[in-house]
Structures are given as C-alpha cells and as structure tokens.
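Take a look at the structure set out below.
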Amino acid sequence: MTRETSGSSAMETLLSTLDLEPIEVDIFRGRSPQAGWQRVFGGQVIGQALMAAQRTIEGERFVHSLHAYFMRPGDPSVPIIYQAERIRDGSSFNTRRVVAIQHGKAIFALSASFQGEEPGFDHQIAMPEVAAPETLLGEQQIKEQYLAHAPEAVRKYWQRERPIEIRPVSLTHYFSDKKLDPRQDVWVRATGPVPDDRLYQAAVLAYLSDMTLLDTALYAHGTSIFDQSLQVASLDHSMWFHRPCKLDDWLLYTQDSPSASGARGLTRGSLFTRSGELVASVAQEGLIRKKANE
C-alpha cells in the first residue's frame with residue numbers, strides 16, 4: 001500500500017507513514033511527515049512499531065496487547081529503523097518485540113502479543129453518558145471563537161491539520177488555570193477513510209491513543225501540556241485491544257489520572273464506539289516536571 005504524500009490529506013499522510021518500507025527480513029524503515037515538529041509524535045512511533053510487528057505475523061492473528069517504552073526523542077528529519085524479533089510462535093499466541101533505532105541508538109521499544117479470534121466470556125464497563133459530538137464545538141468553531149486570545153502553543157496545536165479530529169466535551173482546561181478533577185472525555189474520529197484492513201485499523205487506533213492522554217494528569221494542577229515552564233514527555237504506553245473497530249465514526253476517549261508523584265503522572269483511558277462498545281483500554285505514565293531554569 002504505497003501512497004504519495006504530496007498534496008494528500010492528513011489521513012492519507014498518516015496511512016503512508018504507517019506503510020513501512022521492508023529493507024531486510026523483519027527490518028523496516030519508517031519516515032515522519034515534515035510538519036514542523038521538533039520531535040516525532042509518540043503515537044506515530046507506536047503505530048509504526050505495531051505495524052512492523054504485525055507484518056511478521058502469519059495467518060489470522062491480531063494484536064490484543066502492546067507494552068512500550070519511550071527512551072529518546074525521535075528525530076523527524078531522518079528515517080526510523082524498526083527491527084522486529086520473533087520471540088514466540090505458539091499454538092494460540094504470537095509474541096513480538098520491536099526496537100526503533102535512530103542515529104545508531106534505540107529510541108523506543110515495543111512488545112506485542114497476537115491471538116486468533118476465539119469465543120469466550122464477554123463483559124465490559126459501561127460508557128459514561130456525555131454530550132454527543134454533534135452538540136459540541138468543532139475544530140473550526142474552536143479556532144474562530146477561542147484562538148484569537150489563546151496562548152501561542154494552544155493556537156499552533158489547534159491550527160495544525162491532523163489525521164484525527166478531537167472534540168473535548170469540556171474546553172475549560174485549555175483556557176483556564178482552575179484546578180479540575182483529573183478526568184476528561186474527548187470524542188475522536190479519523191478525518192479521512194481508514195482501509196478495511198485490521199492491521200491499519202489497529203495501527204491508527206494505537207496512533208490516536210497517544211493523543212490528549214498525558215494532559216489529563218495536569219487537570220488537578222490547573223495547568224496543561226502547553227505550559228512552557230513544564231517538561232512533559234511520555235515514558236511508557238500500554239494498550240489492550242478488546243474488539244475490532246473500523247474507525248468509521250466517532251469514538252469516545254474517556255480518561256482519568258489516578259496519581260501523580262515523583263515528577264511522573266499516570267493516566268488511564270477507555271475507547272468506546274458511539275454505540276457504547278469498549279474497543280480498547282490504555283494506560284500511560286509520563287514525565288511531568290518544572291524546567292530547571294524556571
């Protein structure tokens with residue numbers, strides 16, 4: 001699946017970014033869109049590493065969990081090399097490990113487990129009752145009504161074209177220093193078609209799972225990831241894929257942060273379809289500290 005990125009939409013660019021180039025057995029090359037970022041977005045590395053792992057799996061087995069560590073910032077100006085290791089191919093499960101390398105050093109490592117579909121016990125938590133996405137301000141309305149007087153970092157974030165549209169149920173956090181309960185609900189959806197291919201659907205879901213998540217840990221402190229006096233970075237990321245999802249409609253990303261301490265914040269997330277089906281669960285710990293010169 002090769003796509004040209006010139007003149008493409010943000011979603012087409014993302015799909016092209018996830019379409020890794022095989023350069024040897026179980027070794028792939030990934031590239032980053034040149035969008036002016038100083039470092040590679042963490043969700044991109046998660047999605048690309050997952051795609052590398054998925055491309056070493058034979059037969060109808062799909063990812064059910066991944067666990068990853070961010071070790072160094074990614075450089076968007078050079079390719080990322082993904083080395084996949086076939087840890088185990090069992091009768092029911094496959095295990096893969098992927099290391100992402102730039103400038104001769106590991107920047108990221110991911111372990112993922114795969115399973116064929118089979119019947120079993122089935123239950124899930126209920127989706128919270130929140131306002132429907134159609135009743136909330138869209139990104140264009142947010143730009144028009146709020147961005148004129150918003151801090152520069154906030155303006156840049158909202159003005160950049162993205163493959164995933166986000167509609168927070170509440171915007172208070174972005175424009176206030178009020179200390180809030182450390183939880184948020186955000187509707188998210190792809191801004192363009194995602195292939196009817198579970199490998200791409202899982203990779204795009206992994207990509208968007210890194211959006212807005214760590215910021216929830218800052219709600220209780222009256223600040224956000226846009227605070228220039230803070231150093232904020234993802235440390236690790238775990239995800240469990242419960243049910244397939246075609247990504248053709250809005251998903252509710254409900255998040256909470258049970259703890260922040262030791263310059264780290266922990267955030268959990270649940271991704272629901274509009275109809276209330278839980279498709280994935282996420283957990284992430286991130287670095288949150290005041291910069292030394294402040």
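At a probe radius of 1.4 angstrom, the accessible area of the range 191-294 per residue rounds to 40 square angstrom. Less than 5 angstrom separates the built amide H of G222 from those of L180, all sequence-distant by 5 or more or on a different chain. As a test of the formula, what do you get for the chain when each DSSP H run with n ≥ 4 contributes -39,500 (n - 2.57) and the sum is divided by the residue count, at 222 nm and rounded to the nearest 500 deg cm²/dmol? Taken over the chain, the calculation gives -5000 deg cm²/dmol. Packing, as the average of other Cβ atoms within 10 Å across residues, places the peptides 230-240, 204-214 in the order 204-214, 230-240, highest first. Expressed as a whole percent, the accessible surface of the chain that belongs to carbon and sulfur atoms is 48, based on a 1.4 Å probe. Here the Karplus relation 6.51 cos²θ - 1.76 cosθ + 1.60, evaluated at θ = phi - 60°, turns the backbone of the range 96-103 into coupling constants of 10, 10, 10, 10, 9, 10, 9, 6 Hz, with x for every Gly and Pro. Cross-link partners for K179 among the lysines, with Cα-Cα distance under 20 Å and sequence neighbours closer than 8 places in the same chain left out: K290. Normalised by 2.2 N^0.38 Å, where N counts its residues, the alpha-carbon radius of gyration of the range 193-294 equals 1.19.
Residue-normalised convex hull volume from the C-alpha trace of the range 53-144: 198 Å³ per residue.
For K178, a cut-off of 16 angstrom between C-alpha atoms picks up these aspartates and glutamates, skipping any fewer than 8 places away in its own chain: D215, D227.
The values are calculated or read from the model by the stated rules, or taken from the named source; none is laboratory data. Source: prediction; values computed, not measured. Please note: Cβ atoms are built from the backbone with ideal geometry, for glycine as well, and neighbour counts cover all protein chains shown. Remember, those area values only see protein heavy atoms, side chains included, never the ligands or the DNA or RNA. Shrake-Rupley method; radii C 1.70, N 1.55, O 1.52, S 1.80 Å.
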